[in-house]
1. Just to be sure I understand, how many residues within the stretch 1-23 are aliphatic (A, V, I, L, M) and not in a loop (DSSP other than H, G, I, E, B)?
2. Restricting to the stretch 49-68, give me the number of residues that are free of Cβ contacts under 8 Å to residues at least 12 places away in the same chain, open to solvent by 100 Å² or more (accessible area, probe 1.4 Å) and not in a helix (DSSP H, G or I).
3. Count, please, the residues in the stretch 24-43 that happen to be assigned to a loop (DSSP other than H, G, I, E, B) and open to solvent by less than 80 Å² (accessible area, probe 1.4 Å).
4. Go through (1) under 18 Å from the mean Cα position of the chain (by Cα); (2) surrounded by 10 or more Cβ atoms within 10 Å (Cβ to Cβ); (3) not basic (Lys, Arg) one by one and return the number of the condition Leu17 breaks.
5. Would you check if Thr12 is touching a His at 6+ places or on another chain (Cβ under 9 Å) and either among the basic types (Lys, Arg) or without any contact (Cβ under 8 Å) to a residue 24 or more places away in the chain (or both)?
6. Assuming Ser46 fulfils every condition listed in (1) at pLDDT 90 or above; (2) part of a loop (DSSP other than H, G, I, E, B); (3) of a type in the set (Gly, Ala, Ser) apart from one, which condition is it?
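The values are calculated or read from the model by the stated rules, or taken from the named source; none is laboratory data. Given the structure is predicted, the values throughout are model-derived calculations rather than measurements. Note that we place each Cβ from the backbone using ideal geometry, even for glycine, and neighbour counts take in every protein chain shown. Remember, those area values only see protein heavy atoms, side chains included, never the ligands or the DNA or RNA. Shrake-Rupley method; radii C 1.70, N 1.55, O 1.52, S 1.80 Å.
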Amino acid sequence: MISGTNTTVIITADHGLIDIPSANVIFLEDHPELQDTLTLPLCGQSRTAYCYVHPAKAKKFENTSKKN
């Protein structure tokens, strides 16, 4: 409990969620050659997904992602 502690609590969120046409959605499952280069599934947000690339497959990731 923080009552009486002269504490201010500020809660905020900005998720920036927007609708996009389904034709613009890219599913990783449709790109197994790209999926093969990752050490973890995509994470983060759908607009800014993080790609954890296997170090030995970095060049393949670069080449494959340019094609997609």
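1. Residues meeting the conditions: 1.
2. Of the residues in the stretch 49-68, 1 are free of Cβ contacts under 8 Å to residues at least 12 places away in the same chain, open to solvent by 100 Å² or more (accessible area, probe 1.4 Å) and not in a helix (DSSP H, G or I).
3. Matching residues across the stretch 24-43 total 6.
4. Condition not satisfied by Leu17: (2).
5. Against the criterion (touching a His at 6+ places or on another chain (Cβ under 9 Å) and either among the basic types (Lys, Arg) or without any contact (Cβ under 8 Å) to a residue 24 or more places away in the chain (or both)), Thr12 does not qualify.
6. (1)
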